[in-house]
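Here's the structure we're looking at; comments come further down.
Read the figures in this text as sums done on the coordinates, not as results from a lab. What you see is a predicted model; the values in this text were computed from it and never measured. Virtual Cβ from ideal backbone geometry, glycine too; neighbours counted across all protein chains shown.
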Amino acid sequence: MIKSFSFFMLSLRFKIRIFWLILLFLIVIFFAFRFVSPSGSWRCRQNFTGSNILLDSLSLSASACISQASPAERVVRATDGPLLVLADPIYFSIFSPRPFSRAEVEIVYRPHLSSSTPIFEAGFLADAKLWRYQLKPVYNLWLEQGFSSWFSLRDGNMRLFQKEKRFSSVSEFLSAWRQQGSDLCTYKNCLAVYNLALNDFPPALDFKNLKQAPSFFEFPYALRGAHQFYFYLPQAGLELNGSFFDLNDNKDKDEAQFLIFSGQRQVASVNLADQRPQAEESADRGPVQAFSISRSDLAPGLYRLEFKANDDLVLNSLRINSSYLSAINKIWPFDQEKIFLLTDAPYLQVKSLDPGALQDFSFGQERLSLSEIYHQYEFKSRQGGVQAINLERGGLILENNGVFAATADSLLNPDYQRLARFSTLSEEMDFVLADYESAQAEEDGWLRSRLDFEAGDFYRENQRYSLILSVPGLKLDGGAGGLLEIKEIKVHFYGKSLGEKVRDWLH
Amino acid sequence: MFKSKSNILFFKKNFPLIAEEFFYFITSLLIVGAGLEFILPGFFTLYFNIATLVLVWLITLLFLLFYVRR
């Protein structure tokens, strides 16, 4: 009897053990399956309306594939309500078990935007060194409501707004613009664009009007950190030289790259490794390092120069065989003397990271003052045209959607007017062309927008991508007005399926 | 009714065994989780709450130490 009883017990233990071992094995298989994602897809979803209060309060829920929004002070979440975005930008980190080549982001939201905050964009971190995000439009107040009296045409995602009805299709307009460019305009710069590069189109300015005689120009100020420039070669061949030095303030190695683009095509690159003996974080500047780039094969035309570096490197005495050299969208002068610059944009965003750089300065006709570091100031000029900027010394980071030049003769902006945050809907504008998909309306005023990204080059750290939601101008102090309600975010990653990977491996 | 009564009796009689095997299962799950977190930080915690698992493990351990007598 006792023998049969112990056998029964052994048998039951064996059965239970087999049961949980199989369960554990299935859990491991589940994780392996999710990691490999044999279908090549991975989904994350976060719904901000309604929650399991009990689970959340006891911290019994597992962590989310889409993290909480940060910084926390820029968002508010009611118990059952949507996420309220009060200031820009906010960030989410999105978990993925492996890298993927494409991402689709779907956002359900209610925008409460104003003319000061007309644009809502979202995107992923593409370059961690330069902290550059690849953004796509979610909602543009002007394109949704601002051109209601204009004639609107649509071809897929391409939208054309015409002040007067001159074309009956988007393709007809594009064909005419390719052939005639701004000859179609009554006034200069009659075309504004949004989310378009227009690389295959005539540039916004006529190169025949630029100086064709060869000459050299030296940018008179030292510039800190990464910068991009437009320059124009009247004749074949590039001669570019200068110097830079390393501040050795941060802990990272300070490599530099010079990249030259013709349109979107990279035509030259030079890498400069950090082999300087000075230690990082030592504030020991070390000697100035000279560089020279000479390319006789570059044809005459417009180019973009990118100096890719972190904030420890200062570019000095930049000299080029071109009359035109303009910094694109951002300039950070380093010198401690007076600085004079010109910009073709009617507004300026200014920030200082150093209390020693706080100063009074002038922009256009206005006299302005900076009193706080790490605070972005925004100034809009009441007058159009080129604006002069007079700084008492360097150290301020100046940004806008135009270009900055040291002299009027060296100012060059081949871009079309962009329908950006501070754009004025000028009387001289005849056409607006945008690559923009309108939001889908849902019940109760909610909107749904879908964005597609090529995610192959996106930066990923600790199995997480960084997603940004940006409404430029949205601030906690409420001066600009507006807020954003987010009901749901869905992210769907796509990559090669297991079958495709096996096929690639076999071939 | 007879079946549910016999189920209750079965469970009462074999509860220490079930508790012991459940403890081994939770321990193994935590070890698997630690290994997964080492390889892919954040992956295991997407589906399991570590704090809850550890709490369950502790409760089961205390139960086995103080309640179950061989």
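Side notes on the structure shown:
- Dipole orientation for chain B: of the candidates B:Leu29, B:Ser6, B:Ile18, B:Ser6 has the Cα lying most toward the positive pole (charges on Cβ; Lys, Arg +1; Asp, Glu -1).
- Using a cut-off of 28 Å between Cα atoms, the listed pairs A:Lys136/A:Lys496; A:Lys165/A:Lys487; A:Lys308/A:Lys487 include A:Lys165/A:Lys487; A:Lys308/A:Lys487 as exceeding that distance.
- In the structure shown, the pairs A:Lys129/A:Lys501; A:Lys15/B:Lys13; A:Lys163/A:Lys188 are assessed against 20 Å; a Cα-Cα span above that value is assigned to A:Lys129/A:Lys501.
- Mean per-residue shielding of peptide B:37-50 is 5, counting Cβ atoms of other chains within 10 Å of each Cβ.
- Helical runs assigned H by DSSP (4 residues or longer) give chain A a calculated mean residue ellipticity at 222 nm of -4000 deg cm²/dmol, each run adding -39500 (n - 2.57) before division by the residue total.
- Each of A:Gly356, A:Leu370, A:Gln417 was scored by the projection of its Cα onto the charge dipole of segment A:353-449, and the greatest displacement toward the positive side belongs to A:Gly356; charges sit on the C-beta of Lys, Arg, Asp and Glu.
- Computed from point charges on the beta carbon alone (+1 for Lys and Arg, -1 for Asp and Glu), the dipole magnitude for chain B about its Cα centre is near 560 Debye.
- With Cα atoms as the point set, segment A:37-185 shows a radius of gyration and Dmax of 20.9, 67 Å.
- For the protein assembly as shown, the dipole from Cβ point charges (+1 on Lys and Arg, -1 on Asp and Glu) about the Cα centre works out to 3140 debye, to the nearest 20.
- Per-residue mean of foreign Cβ neighbours for A:244-256 is 0 (Cβ atoms of other chains, 10 Å radius).
- Derived scalar couplings between HN and Hα for segment A:89-95 equal x, 10, 10, 10, 9, 10, 6 Hz in order, rounded to whole Hz, by the Karplus curve 6.51 cos²θ - 1.76 cosθ + 1.60 (θ = phi - 60°), x for Gly and Pro.
- Cα gyration tensor shape for segment A:176-259, rounded if a/c is under 1.5, else prolate or oblate: prolate
- When the Cα gyration tensor is reduced to axis lengths a ≥ b ≥ c, the ratio a/c is 1.5 or higher for segment A:111-178, and with a/b not above b/c it is classed as oblate.
- For segment A:218-228, putting each phi into the Karplus relation 6.51 cos²θ - 1.76 cosθ + 1.60 with θ = phi - 60° gives couplings of 10, 5, x, 10, 6, 10, 9, x, 5, 9, 10 Hz, in residue order, rounded to whole numbers and with x for Gly and Pro.
- Selection from A:Ser449, A:Pro333, A:Phe25, by position along the positive dipole direction of chain A (Cβ): A:Phe25
- Membrane-span-like helices in chain A (whole DSSP H runs, Cα extent of at least 20 Å along the helix axis, mean Kyte-Doolittle hydropathy of at least 0.0): A:2-36.
- Rounded Å value of the spacing that divides the Cα centres of segment A:326-356 and segment A:388-452: 18 Å
- J(HN,Hα) series, segment A:338-346, from Karplus relation 6.51 cos²θ - 1.76 cosθ + 1.60, nearest Hz, glycine and proline x: 5, 10, 10, 9, 10, 9, 9, 9, x
- Pair-distance profile P(r), taking every C-alpha pair of chain A, with 20 angstrom steps and integer %: 18, 48, 26, 5, 2, 0
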